[in-house]
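Novice: Below you'll find the structure I mean.
What follows is calculated from the coordinates using simple rules that are stated; it is not laboratory data. Computed from a prediction, not measured in an experiment: that's the story for all the values here. Here Cβ is always computed from backbone atoms with ideal geometry, including for glycine, and neighbour counts include all displayed protein chains.
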Amino acid sequence: MNRLLLICTTILLLATASEAQISKFEDFTFPHTAVKERKAVPYRYIREANVKWSKRIHRVIDVREKQNKVMHWPRNPFYLLVWNAAMNGELTAYANDSLTSIKTPEDIMKEISIETTVMVPNPDNPDDPYDMVPTTVVESQEPTDFVKYRLMEDWIFDYNYSDFRARIIAIAPLISPLTESGIELGEVPLYWLKMDDLRDKLAQEEVFNGKNDAARMSFDHWFQMRQFSSYIVKESNMYDLDISRLEEFRDDGVEALLESDRIKNELFILEHDLWEY
């Protein structure tokens, strides 16, 4: 009798412990742990001698495009992932695409904030509407304003494995800096995050799947499978400038777009011709 009681008690404790262990991931009907327990698969090593051709490409992802709207799924928005990673000190944020100079959370907040002086009624003399005192007001952009992201990637032909693929190096949210005069200065990267540092975090974050809630992929898988829509804004050149800033395209936006499509098509033709016999 005592032995039976001991067995029943042990089973109950194991069931309770198991339930407590998965309660963190429960979602009403069954525990969702498939994505949350994943690890980023490391890239394979590439020998320099095996790289017969490579090209550095910069492209922009606009989350307002239909294919990219899953990035701002309200239950797990991408902007919170990259914002918290930089502002909480989880990952190192870099000032530019050279990935050498570091940008602190204070530097980031300073770049997205602007101080303006306004006149408000004097709180010590509320009865006099003409008694005004200057007050400093701080206006800041929010992470929800991140609607574009810039990717830096290398397209590489690996002779040893006979494959041609892109490897994302870093990602940066784009912002339009605030100015007191209201003049738009264009979109600039707020900070850069190395994809190698970010992948472990992205591998455990779900992306919405409109066809099947039980088959959601991770953000890391989503990027590796290149499920996003984007357009090219720069290829490696001797001036290290974006297409829109090159002299021949500076005053012609249409020609800049055509140049972007030409580069995209050139990559496609290069890959196609590799396997043409």
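Novice: Provide Rg and Dmax in Å for the stretch 132-235, with only Cα atoms included in the calculation.
Specialist: 18.8, 74
Novice: If you don't mind, there's one more thing I want to ask. Taking Cα centroids, how far is the stretch 183-246 from the stretch 30-71 in Å?
Specialist: About 8 Å separates the Cα centre of the stretch 183-246 from the one of the stretch 30-71.
Novice: Would you pull out the residues with amide H under 5 Å of S229's amide H, same chain only if 5 or more places away, H placed 1.01 Å from N?
Specialist: When sequence neighbours closer than 5 places are left aside, the close amide H contacts are N68.
Novice: Taking R0 as 35 Å, what's the FRET efficiency between H272 and S140 from their Cβ-Cβ distance, rounded to 0.05?
Specialist: Plugging the Cβ-Cβ distance into 1/(1 + (r/R0)^6) gives 0.15.
Novice: Now for a different question. How large is the charge dipole for the stretch 117-174, taken about the Cα centre, if only the Cβ atoms of Lys, Arg (+1) and Asp, Glu (-1) carry charge, to the nearest 20 debye?
Specialist: 600 debye
Novice: What value, in deg cm²/dmol to 500, does the helix sum -39500 (n - 2.57) over DSSP H runs of n ≥ 4 give at 222 nm once divided by the residues of the chain?
Specialist: -8500 deg cm²/dmol
Novice: Using just the Cα positions, wrap the chain in a convex hull and report its mean projected area in square nanometres, one decimal place.
Specialist: Its Cα hull, projected and averaged over all orientations, spans 28.1 nm².
Novice: Taking the Cα centre of the chain as origin, work out the dipole magnitude from +1 charges on Lys and Arg Cβ and -1 charges on Asp and Glu Cβ, in debye rounded to 20.
Specialist: Computed charge dipole of the chain: roughly 1880 debye.
Novice: On a full-extension model of 0.36 nm per residue, what is the gain between M225 and D127, subtracting their alpha-carbon distance, rounded to one decimal in nm?
Specialist: 28.8 nm
Novice: Name the residue farthest towards the positive end of the dipole of the chain from the options P173, S140, P126, assuming +1 on Cβ of Lys and Arg, -1 on Cβ of Asp and Glu, about the Cα centre.
Specialist: P173
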